[in-house]
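For reference, the structure discussed in these notes is given below.
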Amino acid sequence: MKTLALFLLTALTGLALLSIYLLEPPAPIPASAPATDFSAERAMQHVRQIAREPHAMGTAAHARVRQYLLAEMQALGLDPQVQEASAVNSGGAAASVGYVYNLVGRLKGKGNAEKALLLMAHYDSQPNARGAGDDGAGVAAILETVRALKRAEPLDHDVMVLLSDGEEYGLYGARAFLKHRWAKDVALVLNLEARGNQGPSMTFELSPGNGWLARQYIEAAPYPYINSLAYEIYSRMPNDTDFTVFKEAGYSGLNSAFIDGFVHYHKLTDAPENLSLSSLQHHGSNLLALTRHFGKSTLTQTKAPDRVFFNFINGWVISYPMGLNLLWVVLAALLLACVVGLAVRRQVVTGRQVALGFLLYLVLLVLVVALFVPLNRGVLSLLPYTQPFNGLYGADNFFMAYLLLALGLFMLLSWLVLRWLRLFALWLGVLVLHFLLASVLWLLVPGGAFLLLFPLLFSLAGVLVLLMMGLQQAEDIGPKHAVVLLLAAVPAIFMLLPIAEVVFTAFSLQMPLGTIALLMLLLGMLLPLLQVITRSFNWRGLPLLSLALLLAGGLQVFRAVGGEKPSPERPLHSHVSYFLDADARKAYWVSAARHTDVWNEQFFPAPSQGPLTEIYPHASKRYLKNRAQVAEVPAPVAQVLQDSLAGDARHLHLRLSSPRGAAHLEIMLLPQAPAAVLGVALAGEELGLEPLPAGHAGKQSLYFARLHGLPASKEVDLTLRLKPGAPLMLYLTDQSIGLPQQLVKRPKPAYVVAEQGRDSNLTVVRKQYSF
């Protein structure tokens with residue numbers, strides 16, 4: 001029996017590792033590869049230039065990257081142009097305008113096609129990130145793809161390139177491109193993104209009506225990684241990328257990204273030396289193949305009814321029409337009825353025992369998931385304060401720890417249950433619960449029903465075969481039964497475990513319960529095999545292996561926690577910004593963190609907590625604050641160009657500028673009379689602003705707007721239509737990235753970097769004007 005248990009333990013471990021390993025990105029191709037191939041090493045040369053330093057829109061580094069990319073596009077024969085434009089996001093109580101410099105180019109096809117293919121990635125970075133993965137890798141993949149395309153026969157369709165600007169601050173470049181005369185020629189969009197710096201390039205989003213696209217992608221991509229469950233989930237989330245703009249405008253297309261290495265996302269460590277060459281190769285190999293495929297395809301009809309699609313083993317993608325889900329659900333129901341009926345008829349179980357098994361497995365599943373709530377809180381308390389919310393340097397170590405703990409708990413608790421309940425009763429209860437969950441998934445998330453349906457169908461088939469072989473109880477499981485069980489378990493392992501790992505990669509310790517629930521569903525499918533193993537490794541009646549797994553999981557937790565200790569390779573993320581009221585000559589250090597860390601504690605000797613109403617009268621979000629020394633920093637300027645009456649309105653034309661060359665502006669209008677603001681235009685964009693309550697500013701209304709990315713001149717026009725005779729107060733702030741270094745007493749040590757986000761590591765200066 002122990003020989004069989006060792007075989008099963010080895011086989012299950014091997015299949016589990018293989019299920020994850022086979023979805024790793026391909027090996028990078030060297031620069032010496034044929035010119036018609038995509039080479040990650042060649043593409044990495046672009047990444048090193050793009051990601052030398054943070055290059056957020058409106059900064060000098062951003063302009064440097066733009067010039068480099070223009071030169072590269074010119075060398076590739078794309079005849080590039082700079083689309084200098086503005087775009088607006090929303091209106092209502094607050095609006096934002098982005099002033100962008102999109103880079104657009106076009107590789108001519110044979111000239112006999114009306115529609116073009118658009119390759120898109122954004123070249124701006126977050127303010128405190130070097131942007132190697134997000135999105136230098138996407139930009140580099142496009143440039144290397146175009147280089148390879150140039151070495152072969154022209155495609156039927158034109159290939160457009162859009163290196164968009166302002167994605168990180170509000171998808172401005174994508175919105176601005178829709179105004180470009182080429183936008184009407186686009187038939188299909190291929191967008192590249194990243195939410196980390198390693199892992200496979202997953203095609204996680206498709207435009208609605210994805211049937212045609214999914215089939216073409218599966219046919220053409222050399223390393224397909226696609227999943228209709230991800231498509232369903234992402235379509236229900238508030239997250240967005242440049243592709244969102246095109247999708248909402250009715251364009252067809254695909255969106256691909258790698259998401260592992262989340263701890264580097266939007267951080268200074270998103271650097272070329274940390275970017276996976278394999279991930280870059282996966283990006284580019286698929287992009288080049290898809291471009292060649294779509295470039296020779298008919299693009300007149302790019303929509304068809306949604307399909308179900310998912311990776312099964314390695315690059316084997318299974319796809320079928322959505323309507324077939326009903327067939328699988330009916331087949332599962334018939335198989336389940338057949339299995340339960342046969343088991344009852346042969347007196348293997350009773351109906352009451354199956355119902356009890358269902359309830360006990362449900363309790364077991366909920367109990368294990370619930371136990372991870374306090375356990376996860378305990379793990380979080382051991383980590384540096386900011387770390388869990390920004391990703392984990394050793395996310396794989398934590399996933400292994402939680403996997404071991406979940407496995408140990410499941411095996412221990414199921415061993416206890418099976419001391420007085422038959423294995424078949426509990427296992428059939430597992431399958432009943434899986435059928436109910438699969439049916440709910442089919443009704444609510446039809447594109448994701450496959451995740452439970454196919455493991456269920458194979459497991460039911462396995463049970464049926466065992467019953468027909470005459471198996472009556474778990475103690476009688478022999479080698480031939482084990483082979484049947486292993487074959488029936490393959491779909492569960494290859495479908496559920498990689499998804500559980502991806503979910504943990506995406507959410508880590510912020511939301512680990514989804515991963516634990518998926519692991520529990522998988523372990524339920526493996527119940528008979530796990531029990532054979534458990535019973536073979538008893539010691540004085542105790543489940544030795546279960547206890548060993550729990551011990552190993554606990555030790556792995558502490559090993560993983562130790563790996564998060566800040567170091568130059570794994571820096572701590574510290575949040576602090578500087579705000580100056582130039583009129584009152586008062587300044588403040590501000591942090592969004594609730595606690596200080598080893599570096600930013602120097603700015604908060606006597607901190608208070610509360611909204612930053614000293615700068616923003618309408619503020620409500622709580623911050624950590626401390627008075628600061630006043631730095632001699634030039635304030636933003638509002639210059640009157642025109643102030644006149646026309647009809648029933650006062651027209652006030654202002655020129656706003658930042659003498660210190662800041663990247664962004666914020667505008668707060670406080671009219672001294674109700675409904676005095678009739679219209680607001682910033683950088684030529686009508687904002688449609690509405691007043692918002694001014695918080696601590698009494699009964700005054702306040703209008704708020706932002707400008708992201710000041711033009712190269714560092715000035716922009718603001719045009720107001722006001723009620724005649726109504727005085728107006730303007731609070732104008734400008735924002736630059738970085739702190740006033742003359743006030744930083746202790747420079748950042750090598751193991752500390754600026755926190756991610758658009759409100760971190762800023763110098764903000766406010767000036768008041770009255771008109």
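The values are calculated or read from the model by the stated rules, or taken from the named source; none is laboratory data. These numbers were taken from a predicted model, which means no experiment stands behind them. Because the Cβ atoms are built from the backbone with ideal geometry, glycine has one as well, and the counts that use them run over all protein chains shown. For the accessible areas, the whole protein counts, side chains as well, though only heavy atoms, and no ligand, DNA or RNA atoms are used. Shrake-Rupley method; radii C 1.70, N 1.55, O 1.52, S 1.80 Å.
Dipole check for the range 132-252: with +1 at the C-beta of Lys and Arg, -1 at the C-beta of Asp and Glu, and the Cα centre as origin, the magnitude is about 200 Debye. Each label point was placed 7 Å from the Cα along the Cα-to-Cβ direction; for SER620 and GLU569 their separation is 4.6 nm. Please check which bits of the range 424-441 a label hung off LEU362 would reach, taking the label as a point 7 Å along Cα-to-C-beta and the cut-off as backbone N under 11 Å. Inside the label zone: 433-434, 436-437. Look at the alpha carbon pairs under 8 Å that are at least 6 residues apart: their mean separation over the length of the range 121-202 gives a relative contact order of 43 percent.
Only one of the listed values, (i) 34.2, 108; (ii) 26.0, 88; (iii) 29.7, 96, was derived from the coordinates as Rg and Dmax of the Cα atoms in Å; which label is it? Comparing each candidate, only (iii) matches the computed number. Annotation for the range 537-617: trypsin sites (Lys or Arg not before Pro) lying in DSSP loop with at most 10 further Cβ atoms inside 10 Å of their Cβ are ARG540, ARG585, ARG594. Per-residue packing, averaged as other Cβ atoms within 10 Å, sorts the ranges 37-43, 138-144, 525-531 into the order 138-144, 525-531, 37-43, beginning with the highest.
Along the range 361-374 the Karplus relation, 6.51 cos²θ - 1.76 cosθ + 1.60 evaluated at θ = phi - 60°, assigns HN-Hα couplings of 5, 4, 5, 4, 4, 5, 5, 5, 4, 5, 5, 6, 5, x Hz to successive residues, with x for each Gly and Pro. Residues whose amide H comes within less than 5 Å of that of HIS122, counting only those at least five positions distant or on another chain, are SER164 (H built at 1.01 Å from N in the peptide plane). Each residue of the range 248-262 is assigned a 3J(HN,Hα), and the resulting list reads 5, 7, x, 6, 9, x, 10, 10, 10, 7, 9, 10, 7, x, 4 Hz, derived from the Karplus form 6.51 cos²θ - 1.76 cosθ + 1.60 (θ = phi - 60°), x at Gly and Pro.
The 1.4 Å probe gives accessible areas that order TYR623, TYR123, largest first, as TYR623, TYR123. A convex hull fitted around the alpha carbon atoms of the range 167-206 yields 91 Å³ per residue.
Compared with the dominant Cα axis of the chain, that is its longest principal axis, helix 211-220 is turned about 80°. Only lysines eight or more places from LYS748 in sequence, or on another chain, were considered; those with a Cα closer than 26 Å are LYS267, LYS565, LYS586, LYS625.
Approximating the spin labels as points 7 Å out from Cα along Cα→Cβ, the ALA592-to-LEU547 distance works out to 4.8 nm. Rolling a 1.4 Å probe over the protein heavy atoms leaves VAL366 with an accessible area of roughly 80 Å². On the basis of the beta-carbon distance and an R0 of 51 Å, LEU334 and GLU248 show a calculated FRET efficiency of 0.75. Can you bin the range 95-161 into rounded, prolate or oblate? Criterion: square roots of the alpha carbon gyration tensor eigenvalues sorted a ≥ b ≥ c, rounded for a/c under 1.5, prolate for a/b above b/c, oblate for the rest. Note, shape of the range 95-161 comes out oblate.
Toward the positive end of the charge dipole of the chain, with +1 on the Cβ of Lys and Arg and -1 on the Cβ of Asp and Glu, the farthest Cα among ALA638, ASN102, LEU580 is that of LEU580. Just going by the charge dipole of the chain, with Lys and Arg at +1 and Asp and Glu at -1 on Cβ, which of LEU544, TYR68, ALA337 is farthest out on the positive end? Farthest towards the positive end: LEU544. Look at the dipole of the chain built from charges on Cβ: of GLY647, LEU739, PHE398, the Cα furthest out on the positive end belongs to PHE398. Classify the range 184-243 as rounded, prolate or oblate from the Cα gyration tensor: take a ≥ b ≥ c as the square roots of its eigenvalues, call it rounded if a/c is under 1.5, otherwise prolate when a/b beats b/c and oblate if not. Cα axes put the range 184-243 in the rounded bin. Modelled spin labels at LEU326 and ARG559, positioned 7 Å past Cα toward Cβ, are 5.1 nm from each other.
What the chain shows is 39 Å² of accessible area per residue, with the surface traced by a 1.4 Å probe over protein heavy atoms. Other residues lying with their Cβ under 15 Å from the Cβ of LEU544 contribute a combined charge of +3, Lys and Arg counting +1, Asp and Glu -1.
The charge dipole of the chain, taken about its Cα centre with unit charges on the Cβ of Lys, Arg, Asp and Glu (plus for the first two, minus for the last two), comes to roughly 1300 debye. If the segment from GLN67 to LYS179 were pulled out straight at 0.36 nm per residue, it would be longer than the present Cα-Cα gap by 38.0 nm. Using the Cβ-Cβ distance between ARG346 and VAL373 with R0 set to 45 Å, the FRET efficiency from 1/(1 + (r/R0)^6) comes to roughly 0.65.
For MET468 and LYS110, the difference between the fully extended length at 0.36 nm per residue and the C-alpha to C-alpha distance is 122.6 nm. Charge tally for PHE771 (other residues, Cβ to Cβ under 14 Å; Lys, Arg +1; Asp, Glu -1): +4. Using a ≥ b ≥ c from the Cα gyration tensor of the range 168-320 (square roots of the eigenvalues), is it rounded, prolate or oblate, where a/c under 1.5 gives rounded and otherwise the larger of a/b and b/c decides, a/b for prolate? Cα axes put the range 168-320 in the oblate bin.
Once the Cβ-Cβ distance of GLN642 and ASP37 is raised to the sixth power relative to R0 = 60 Å, the FRET efficiency obtained is 0.50.
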